[in-house]
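*Asks:* Once you've had a glance at the structure underneath, I'll fire off some questions.
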Amino acid sequence: MLTIRGVTDELSRGIDKEPIRVQREIAQLVDRAESLGAPSNAHLTQDHLQRNLARLLKEKQAAITAGRESAGLFGALSAVGVEVERLEDLGSDGRDDSRAVPVLLDCFRRTNSRALRSHILAALGREWASNDALDALFEEFQRIDPSADPGPNSVRWKIVGAIGQRVTVEWKDRLLKVASDPQNAEVRRQAIRGLARLGGARAELIPVFLEFLDSHDPDLFVPAAAALGAWRVPQARPRIQELIDVESSRDDRSDTHSLWVLGELRKALWRILPTSATR
């Protein structure tokens, strides 16, 4: 049976050999393990305590793996002449760090660390990275089985989010295809948010977004309503009001997701209403 003392000892074992960043993460895990024995947690059942302790040990291994892979990544960057202490520093001060792109993509494909993948995606989503980097990321997106990568914290979600940060009109058809495929579930929100940044394609996108309002899927109608609201499209007003009425009448309207849907719809409608009507 796992004990708090046994887990803190195991968490602390060998961390002095790990990178400083990993040492800090594991120190936080030790604090969390010790806090499980605090009087405020006296209500925890033995089963719940065991699950929490097991989870902390698993998080330690994930932190070590990510830390070692991260160290390997910075070593690979240094080998191609890119010297940075953080991925956030890539491309800073107008530096040409284009040599980092293939290194980052290679690490992205090999690592299983969600944290490291998130940092790489954030780096490749900034202006310094080449457009080829976005094309390569989209190829990765297409390779990943949606059923094996679900949820709003998925790799596919983050890839489309990174693309959306630098989206250009050339991406319109690809993002529309992502948004129109039910297999993409929550990822469609990211695609529509990216499309909403294409101000030059607004005339083409408004009819599409109006159609999304007629879907019964909040992953479509919520971001579409947000875009139409930001663009102050009056044709969207009646349908958004209908959606608000439907969502307000639901029995489960007090749960977190329903409150989020209702809040987003109301914000969209407020943006479309004439100034006098919002006072």
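*Asks:* Kindly write out, for segment 90-96 in residue order, the coupling ³J(HN,Hα) from the Karplus curve 6.51 cos²θ - 1.76 cosθ + 1.60 (θ = phi - 60°), rounded to whole Hz, with x marking Gly and Pro.
*Replies:* 4, x, 6, 6, x, 5, 8
*Asks:* Looking only at G151, G164, G194, which one moves most when the chain is put into a Gaussian network model with springs between Cα atoms under 10 Å?
*Replies:* Of the options given, G151 has the highest mean-square fluctuation.
*Asks:* Pop out the ³J(HN,Hα) list for segment 155-160 in order, Karplus 6.51 cos²θ - 1.76 cosθ + 1.60 with θ = phi - 60°, rounded to Hz; leave Gly and Pro as x.
*Replies:* So the J values, rounded to whole Hz, are 4, 5, 4, 6, 5, 5.
*Asks:* Under a GNM of the chain (C-alpha, springs under 10 Å), which listed residue has the highest mean-square fluctuation: P223, P182, P39?
*Replies:* P39
*Asks:* Read phi for every residue in segment 240-249 and hand back ³J(HN,Hα) as whole Hz from Karplus 6.51 cos²θ - 1.76 cosθ + 1.60, θ = phi - 60°, with x for Gly and Pro.
*Replies:* 5, 4, 4, 5, 4, 4, 5, 5, 5, 8
*Asks:* Relative contact order for segment 1-159: what is it in percent, counting Cα pairs under 8 Å that are at least 6 residues apart? Intermediate results must be reported in sequence, preceding the final value.
*Replies:* Values: 127 pairs, mean separation 28.1, N = 159.
Computed over segment 1-159, the figure is 18 percent.
*Asks:* Over 24 Å apart: what share of the alpha carbon pairs of segment 17-134 falls there, rounded to a whole percent? Walk me through the numbers before you get to the answer.
*Replies:* Details: 2808 of 6903 pairs.
Taking all Cα-Cα pairs of segment 17-134, the fraction more than 24 Å apart is 41 percent.
*Asks:* Let me ask another. Counting only Cα atoms, I'd like the Rg/Rh figure for segment 58-97, Kirkwood definition for Rh. Write out the running numbers ahead of the final one.
*Replies:* Working: Rg = 12.5 Å, Rh = 11.3 Å.
Rounded to two decimals, Rg/Rh equals 1.11.
*Asks:* In addition: Build a GNM of the chain with springs between Cα atoms under 10 Å: which of A33, A123, A226 gets the top mean-square fluctuation?
*Replies:* A33
*Asks:* Take R21 and D214, extend 7 Å from each Cα along the Cα→Cβ direction, and tell me the distance between the two endpoints in nm.
*Replies:* 4.9
*Asks:* A further question on this structure: About the Cα centre of segment 36-92, what is the dipole size in debye to 20, counting +1 per Lys and Arg Cβ and -1 per Asp and Glu Cβ, all else neutral? Could you put the intermediate results ahead of the total?
*Replies:* Working: 6 positive and 7 negative charges, 80 e Å.
With Lys and Arg at +1 and Asp and Glu at -1, about 380 debye.
*Asks:* I would also like to ask the following. Using a simple charge model, +1 on the beta-carbon of Lys and Arg, -1 on the beta-carbon of Asp and Glu, nothing else, what dipole does the chain show about its Cα centre, in debye to the nearest 20? Numbers along the way, then the final one.
*Replies:* On the way: 40 positive and 41 negative charges, 88 e Å.
About 420 debye.
*Asks:* Could you work out the mean projected area of the convex hull around the alpha carbons of segment 183-245, in square nanometres to one decimal? Before the final figure, lay out the partial values.
*Replies:* Numbers: hull surface 15.9 nm².
Projected over every direction and averaged, the Cα hull of segment 183-245 covers 4.0 nm².
*Asks:* Considering every pair of different Cα atoms, what Kirkwood radius, in Å, is found for segment 91-240? Let's see the in-between values first.
*Replies:* Working: mean 1/r = 0.0621 Å⁻¹.
Mean inverse Cα-Cα distance, inverted, gives 16.1 Å.
*Asks:* For segment 140-199, calculate the relative contact order in percent as a whole number, restricting contacts to Cα pairs under 8 Å that are 6 or more residues apart. Each step should come with its number before you reach the end.
*Replies:* Working: 59 pairs, mean separation 22.4, N = 60.
Computed value for segment 140-199: 37 percent relative contact order.
*Asks:* To the nearest 500 deg cm²/dmol, what mean residue ellipticity at 222 nm is calculated for the chain from DSSP H runs of n ≥ 4 alone, each contributing -39,500 (n - 2.57), summed and divided by the residues? Don't skip to the answer; put the middle values down first.
*Replies:* Details: 13 runs with 177 residues, N = 279.
Helix-only estimate at 222 nm: -20500 deg cm²/dmol.
*Asks:* Treat each spin label as a single point 7 Å out from the Cα along the C-beta direction, and report the Q142 to A76 distance in nm.
*Replies:* Spacing of the two 7 Å Cα→Cβ label points: 2.3 nm.
*Asks:* Hey, another quick one. Given charges of +1 on the Cβ of Lys and Arg and -1 on the Cβ of Asp and Glu, with all other atoms neutral, how large is the dipole of segment 173-243 about its Cα centre, in debye to the nearest 20? Kindly include the intermediate steps, with their values, before the conclusion.
*Replies:* Working: 10 positive and 9 negative charges, 71 e Å.
I would put it at about 340 debye.
*Asks:* Rounded to the nearest 0.05, what FRET efficiency is calculated for R110 and A42 with R0 set to 45 Å and r the Cβ-Cβ distance?
*Replies:* Once the sixth-power term is evaluated, E becomes 0.50.
Bear in mind these aren't lab numbers, they're just calculated from the coordinates by the rules spelled out. It should be emphasised that the depicted structure is a prediction, and the values quoted were computed from it without experimental measurement. Note that we place each Cβ from the backbone using ideal geometry, even for glycine, and neighbour counts take in every protein chain shown.
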